[in-house]
1. Residue check: is THR277 within 22 Å of ALA189 (Cβ to Cβ) and open to solvent by less than 30 Å² (accessible area, probe 1.4 Å)?
2. Can you tell which of PRO63, PRO9 is open to solvent by 50 Å² or more (accessible area, probe 1.4 Å), at pLDDT below 80 and not hydroxyl-bearing (Ser, Thr, Tyr)?
3. Name the residue, out of THR23, THR38, that is polar (S, T, N, Q) and at pLDDT 70 or above.
4. Within the range 140-148, is there a residue that is of a type in the set (S, T, N, Q), surrounded by 21 or more Cβ atoms within 10 Å (Cβ to Cβ) and over 22 Å from THR277 (Cα atoms)?
5. Within 29 Å of ILE95 (Cβ to Cβ), surrounded by fewer than 21 Cβ atoms within 10 Å (Cβ to Cβ) and among the charged types (D, E, K, R): does that describe ARG272?
6. May I ask you to list the residues in the range 216-245 that are at pLDDT below 85 and not in a helix (DSSP H, G or I)?
7. Give me the helices (runs of 4 or more DSSP H) completely within the range 110-198, filtered to those with at least 2 residues that are modelled with pLDDT under 95, hydrophobic (A, V, I, L, M, F, W, C) and touching a Ser or Thr at 6+ places or on another chain (Cβ under 6 Å), ordered by residue number.
8. Could you please tell me which pairs satisfy a Cβ distance under 6 Å, a separation of 6+ or placement on different chains, a first residue in the range 61-83 that is of a type in the set (Gly, Ala, Ser), and a second residue that is part of a loop (DSSP other than H, G, I, E, B) and at pLDDT 90 or above?
Amino acid sequence: MIRMVPSPPMGVWLIVWLSLTVTPFAGTLIARDGDALTHARIGRALLDGGWPTHDPILTPPVPVQLHEWGFEVLLAVSGEALGLGGYALIAALFIATALAITLARMLQDGRIWPVLFLSGLGFPFVLLHLHARPHVASWLGVALCTAALEQWRRKQLSDGRLWMAAGALGLAWANLHGGFVIGGLIGLAYSLDALIKAPRRLIPLAGAGGSFGLASLVNPDGIGLHQHVLSFLRDTEAQAPIADMIPLDPTSASGILPMAWIAVVGGLVVLRRRDVTIAEGALVVLWSVATIRLVRNAPLMMLGTAPLAARLASTALAAGVRRGQPIAMELEASCQRLEALFQRTDGRLSVSVALVGVMGLLGTGTVSPSLPHETVPVDALSWLNDHPEITAQRGLTVFHWGGIVAHEVEGSRVFIHPLNAVYPIERQQAYGLIHNMLP
């Protein structure tokens, strides 16, 4: 069977990366909410002052465990070099790589039309949570974790290399985003598969899990990071004011697509259940439940289940061909023609995409997006500049404007906004006092 790998994944990587780093997408990545700029400002504070015991931008002081410090420093460094566009550049790097790895895995076992259909249905999931924020590191973490474990299950990756990969992933993931705990759940799914089908393989899998776990302890807070992340996941009050931490609404615009994906993948699993491993079945259930519980998990669900869906759809197509079904036979012939076309244009495709990308960057300059007008608190910033005594004492924020104020006004402090239920009510009341000073 002719395969499109590796050129189309590289083409997809370039297209997604470039699309997200030129306007207007770059501005959207940065300013759909103020958190991206908050993270960038924290990264700058870390570079300037070292590791803090309290949040470096909030007033009054709040004890903090910066479980996303690595990504925040990356944002700060890229921002210093490239301005606002640097933030989009870093986020796009993680997003594009996660999608390219997923597509490469889909193409390993999948025919072209099933892969294209599933990509069209699933890849738009990134739009549900498209921000230049640390969570995109977990998108890449899920793609890498499942790819490594699947390669090991198929005996394409040795035990030693799995341990090394697990350790490297655990170290990087734990210092980029708190979602590293997801890696443990993925590992448990593969452990269940080994326990039932090949108990002897539990030993190297346990070794990989130990490598991942020990490496994740190498962070500024040690085991305290794990305790912090788990306590947050159990704290429904802390999650209440966060819009993308709410359960999925199947009737909403953002809920229809994930529900369609769950239906398609679930249907394929039921239809081709003999071709599904225990680990894959467990992960489909895990991702479906996680997405229904929290809508922000939809991109993770797609990244974790798309390769399985592509394989099952392609085996269903092959079964239809064996039975002599006319539609399946026509689709198979179409797949062969299209795959042959990609094979012939293999090198030219990558070169063309790269040239177009370079020309696009040269034509627009190194990305320099402007923040959307509706998200910039112009009046609040002007007022702060006219009242430096207030800025020096306490600072100001109006919901998502907090990140923009801290980022745009050098030395400003951000006051805790009243929608954040993590902080005590007296601090929320103090916010109200300063907010009422606005003209």
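The values are calculated or read from the model by the stated rules, or taken from the named source; none is laboratory data. This is a predicted model, so every value here is computed, not measured. Here the Cβ is made from the backbone with ideal geometry for all residues, glycine too, and neighbour counts use every protein chain on show. Please note that ligands, DNA and RNA were not included when accessible areas were found on the heavy atoms of the full protein model with its side chains. Shrake-Rupley method; radii C 1.70, N 1.55, O 1.52, S 1.80 Å.
1. On the way: within 22 Å of ALA189 (Cβ to Cβ): yes; open to solvent by less than 30 Å² (accessible area, probe 1.4 Å): yes.
So THR277 passes the test.
2. Matching residue, one of PRO63, PRO9: PRO63.
3. Only one candidate passes the filter, namely THR38.
4. The answer is no, given that none of the residues of the range 140-148 is of a type in the set (S, T, N, Q), surrounded by 21 or more Cβ atoms within 10 Å (Cβ to Cβ) and over 22 Å from THR277 (Cα atoms).
5. no
6. ASP235, ALA240, PRO241, ILE242
7. It comes to none.
8. Once the first residue is of a type in the set (Gly, Ala, Ser) and sits in the range 61-83, its partners that are part of a loop (DSSP other than H, G, I, E, B) and at pLDDT 90 or above give GLY70/ASN175; GLY70/LEU176.
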